[in-house]
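Asks: Got a structure for you, questions after.
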Amino acid sequence: MSLKHVWIVFKKEVKDISRDRRTLLTNLLIPIILMPLLFTFLGGSMKKMEKDITENITVALTRESDTEEIRNLLENEVFKNYPNIKLNGSVDNPAEAIQNDKFRFVIDVEKDFSSRLEQGIPYTITIHYDQSDTKSSGSFGILAEAIRSYSQKTVKNRLIEMNIDPQILEPVTIQQVNAAKDNASGNFMIMMMLPMMASILIAVGGIPAATDLVAGEKERGTFEPLLTTQAGRMSVLFGKYLTVTLFSFVSVIAQLIGVVIGGMINPTFFTMVEGGSGELSFSIPTGALLLSILTIITLGMVFSAVQLAISTYARSFKEAQTYLSFLIFAAMIPSYATMMMQPDDLQLYMFIVPLLNAIASLKMILGSVINYTYLGIGLGTSLIYVILSLMFAAWMFNKEKYLFRN
Amino acid sequence: MLEIIELTKKFGEVKAVNGISFQVNEGEIFGLLGENGAGKTTTLRMLATMLQPTSGTAILGGYDLIREPEKVRSRIGILFGGESGLYDRLTAAENIAYFGRLNNMDEGKLKERIRELAKVFDMEEYIDRRAGKFSKGMKQKVAFARSIVHNPDIMLFDEPTSGLDVSAIRNVHEFILDCKAQGKTIVLSSHTMSEVEKLCDRIGIIHKGNLVAQGTIAELLEQHSCGSMEEVFVKLVGEKL
Ligand SMILES: Nc1ncnc2c1ncn2[C@@H]1O[C@H](COP(=O)(O)OP(=O)(O)O)[C@@H](O)[C@H]1O
Ligand SMILES: [Mg+2]
């Protein structure tokens, strides 16, 4: 192998591929645009949904319970401290009114409630709602909470009347302390999305280059002249390998730029989840950051080698594209499987399995629960996979049976 | 000078090329004539160091194919197949330069060589334009220039006119004869009798991996007491081309 030839091949391939609009689109533009779009739409619709659930809770009474007394009970007692719950009119058919989105809830109160109340006999409030509707089921808790707290208040009043301390009802109080590191829960969204997107993009990013660089070259008829130059076969392979690796990183870097842009457009997106501190904060030690970045880089190298091997194996450009798209699925499965996983759930074996180790490393540093042994193992095994995958690609590239089949 | 010694290639059980030997003298065109699947491409791929011979060897320009494949590659230029494959997103000059660089030419020399080739092949007008939009004729010229950018003294042509139209075929023939005029040693494979008759000084007939006859046209006609090469071929191979 000659470094000079590797460099010549690399330079030519980069020039060639960067003149291809389609590749630039998939490698650069889409990742840059996709993230901010995702942030804006997903973030926007999540916000709107949240607003709809907590505000504008429309409630109607059934025709039978639409009396002055009941309306008074609800408006001035039950919903008193819940300005977002709006009692408005009455309906004959509760199911129809809810289906037609006229009201989110229809409430029925037993007519003789006041006499029951006086006698201390329980009475029933029936809530009609649509459990299959996100808004209706989402707001249900708020409505139920309003009724529950009214009920508790009534109990308290009764106890006070009887001269009993209401505290008797609460022998134990629960106090919550969130033990997660300050930023761990806040970075939930980015912890979930970034490793997944990065591993998928790394798998996708090199594909146009890998397809073009061997299968394309064979189909075009430039491969034979290339192999007859004084550049050895391994120099050609290496030059191409570096190109594929470069392009898979370009898309990850583009994605990161997209994340930053998205973050600027909608800064609260990452943390838009219950328990989030509302602010994105990182305190990743440089060493850990470096280890995980190296692991991601090695993942890109493994993918590149495998992609080149597949491209060598393929009979045609089309065939190479088909095989390589299966590889994206291979990247998606572990990514999705671990999407919801928290840094605390990470286990040793995840740092050994290829692909999973890169995802796990990224999750670990984003979650700020750093274990250097695990990160080290992740990088160590990745390096072994780089060597193995390169050996595989080289073996494939020397295999006359695959290189010259037509 | 080119000497092929008992060259053999097996693909599994298939003997694609079976112990063929022949010599090509300097400045000579040797024609390898045979049907589809006879073993022409396999032979030329071995000579071009793309395939490793199962046994036997060849000496090209004084270098042994097995022992010094890099040296051999520095002396050969190839044109395989009729279609001229180029990198569409590179200019004509960049296409040619890539192969020059990979053949260890220094930049100054390369630049001069490309200018010279552009003139010879009348490509000056479009030498700095991207190859993707070229006509077939323009692409063909770039492919010719690419194959000789490093000024090889041995040229290997594998069915260089297959699938081409009449004028493109004429261009290829002219190019081969130009190479000969420059003193290059040439091996040309073909399954077209007239092409071989027109261009070659000596002919080898290859059939199922075996070289069943070789010599000048006159020699072959005399040896097999035939009136035409067509007859010789039918006699040896049992079929018409
Ligand atoms: N890479 C390969 N793998 C397996 N068999 C091959 C390969 N290349 C050629 N062959 C076989 O070798 C024989 C000669 O093929 P080839 O040299 O291409 O013939 P020609 O060029 O004269 O048409 C054929 O039977 C072909 O199927
Ligand atoms: Mg052939």
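Asks: Tell me the total accessible area that B and A bury against each other, 1.4 angstrom probe, in square angstrom rounded to 100.
Replies: Summing both chains' loss of accessible area gives about 2800 Å².
Asks: As I understand it, the value is the acute angle between the Cα axis of helix A:356-367 and the longest principal axis of the Cα atoms of chain A; what does it come to in degrees, rounded to 10?
Replies: Around 50 degrees separate the two axes.
Asks: Right, here's the next one. Tell me the angle of helix A:372-397 to the major Cα principal axis of chain A, expressed in degrees between 0 and 90 and rounded to the nearest ten.
Replies: 40 degrees
Asks: Return a whole-number percent for the relative contact order of region A:52-169, with Cα pairs under 8 Å and 6 or more residues apart as the contact set.
Replies: On the way: 135 pairs, mean separation 32.7, N = 118.
About 28 percent, as a whole number.
Asks: Residues of region A:4-30 losing 10 Å² or more of accessible surface, assembly versus chain alone, probe 1.4 Å, please list them.
Replies: Buried by 10 Å² or more upon assembly, which counts only protein chains, are A:LYS4, A:HIS5, A:ILE8, A:VAL9, A:LYS12, A:LYS15, A:ASP16, A:ARG19, A:ASP20.
Asks: Counting only heavy atoms of protein chains, what accessible area per residue, in Å², does chain A have with a probe of 1.4 Å?
Replies: Ligands and nucleic acids excluded, the figure is 51 Å² per residue.
Asks: While we're looking at this one, here's another question. Order A:TYR372, A:TYR313, B:TYR87, A:TYR123, most accessible first, counting only protein heavy atoms with a 1.4 angstrom probe.
Replies: Descending order: A:TYR372, A:TYR313, A:TYR123, B:TYR87.
Asks: Where Lys and Arg each count +1 and Asp and Glu each count -1, what net charge lies around A:VAL14 among other residues with Cβ under 13 Å from its Cβ?
Replies: Details: positive: A:LYS11, A:LYS12, A:LYS15, A:ARG19, A:LYS240, B:ARG89; negative: A:GLU13, A:ASP16, A:ASP20, A:ASP212, B:GLU94.
Value of the local net charge: +1.
Asks: Which value, in debye to the nearest 20, describes the size of the charge dipole of region B:102-241 about its Cα centre when Lys and Arg Cβ atoms bear +1, Asp and Glu Cβ atoms bear -1, and nothing else is charged?
Replies: Once rounded to the nearest 20, the dipole reads 540 debye.
Asks: Please find, in a Gaussian network model of chain A (springs between Cα atoms separated by less than 10 Å), the residue of A:ALA393, A:ALA314, A:ALA144 whose mean-square fluctuation is greatest.
Replies: A:ALA144
Asks: For A:LYS399, give me every one of the aspartates and glutamates with a C-alpha distance below 16 angstrom, ignoring sequence neighbours fewer than eight places off in its own chain.
Replies: A:GLU224
Asks: Let me ask you something else. B:SER225: accessible area at probe 1.4 Å, nearest 10 Å²?
Replies: Taking all protein chains as shown, B:SER225 has close to 100 Å².
Asks: I've got another one for you. State, as an integer percentage, the relative contact order of region B:171-241 based on alpha-carbon contacts under 8 Å between residues 6 or more apart. Show your work: numbers first, answer last.
Replies: Values: 53 pairs, mean separation 14.3, N = 71.
Over region B:171-241, the number comes to 20 percent.
Asks: Follow-up question, since we're still on this one. How large is the accessible surface per residue of chain B, computed with a 1.4 Å probe and reported in Å² as a whole number?
Replies: Result: 44 Å² per residue.
Asks: Quick check for you: which residues of region B:22-46 have the amide N under 17 Å from the point 7 Å beyond the Cα of B:VAL234 toward its beta carbon?
Replies: Correct set: B:35.
Asks: So if I place +1 on the C-beta of Lys and Arg and -1 on the C-beta of Asp and Glu, and nothing else carries charge, what would the dipole magnitude of chain B be about its Cα centre? I want it in debye, nearest 20.
Replies: Around 720 debye, computed over chain B.
Asks: Under a 1.4 angstrom probe, counting protein chains only, how are B:LEU211, B:LEU33 ranked by accessible area, largest first?
Replies: Largest to smallest exposure gives the sequence B:LEU211, B:LEU33.
Asks: Moving to a separate point now. Specify the residue with the greatest mean-square fluctuation among B:LEU86, B:LEU32, B:LEU188, computed from a Gaussian network of chain B linking alpha-carbon atoms under 10 Å apart.
Replies: Taking springs between Cα atoms under 10 Å, the residue moving most is B:LEU86.
Asks: Taking a ≥ b ≥ c as the square roots of the eigenvalues of the Cα gyration tensor of the protein assembly as shown, is the shape rounded (a/c under 1.5), prolate (a/b larger than b/c) or oblate?
Replies: Prolate, since a/c reaches 1.5 and a/b exceeds b/c.
Asks: Quick one: with all protein chains in place, what share of the accessible area of the protein assembly as shown is carbon or sulfur, to the nearest percent (1.4 Å probe)?
Replies: 56 percent
Asks: Taking the Cα centre of each part, how many Å lie between region A:140-170 and region A:309-377?
Replies: Each part's Cα centre sits 53 Å from the other's.
Asks: Just to be sure I understand the interface: list residues from region A:222-250 that lose 20 Å² or more of accessible area between the chain on its own and the complete protein assembly, 1.4 Å probe.
Replies: A:THR222, A:GLU224, A:PRO225, A:LEU226, A:LEU227, A:THR228, A:THR229, A:GLN230, A:ARG233
Asks: Next question, about the same structure. At a cut-off of 10 Å², which residues of region B:93-132 become less accessible once all protein chains are present than in their chain alone, using a 1.4 Å probe?
Replies: B:GLU94, B:TYR98, B:PHE99, B:ARG101, B:LEU102, B:ASN103, B:ASN104, B:ARG130
Asks: Counting pairs of alpha carbon atoms under 8 Å apart in space and at least six apart in sequence, what relative contact order in percent does chain B give?
Replies: 28 percent
Asks: Just to be sure I understand: of the beta bridges DSSP finds with both ends in region A:52-169, what percent are antiparallel, rounded to 5?
Replies: On the way: 4 of 12 bridges.
The answer is about 35 percent antiparallel.
Asks: Cβ under 10 Å from A:ALA209's Cβ, A:ALA209 left aside: what net charge do those residues give with Lys, Arg +1 and Asp, Glu -1?
Replies: On the way: positive: A:LYS240; negative: A:GLU13, A:ASP16, A:ASP20, A:ASP212.
In short, -3.
Asks: Ok, one more. Provide the FRET efficiency to the nearest 0.05 for the A:ILE333-B:ARG129 pair, computing r from the beta carbons and using R0 = 45 Å.
Replies: E between A:ILE333 and B:ARG129, to the nearest 0.05, is 0.45.
The values are calculated or read from the model by the stated rules, or taken from the named source; none is laboratory data. The structure displayed is predicted, hence computed values, not measured ones. Positions of Cβ are backbone-derived with ideal geometry, glycine not excepted, and every protein chain shown enters the neighbour counts. All accessible areas refer to the heavy atoms of the entire protein, side chains included, with ligands and DNA or RNA removed. Shrake-Rupley method; radii C 1.70, N 1.55, O 1.52, S 1.80 Å.
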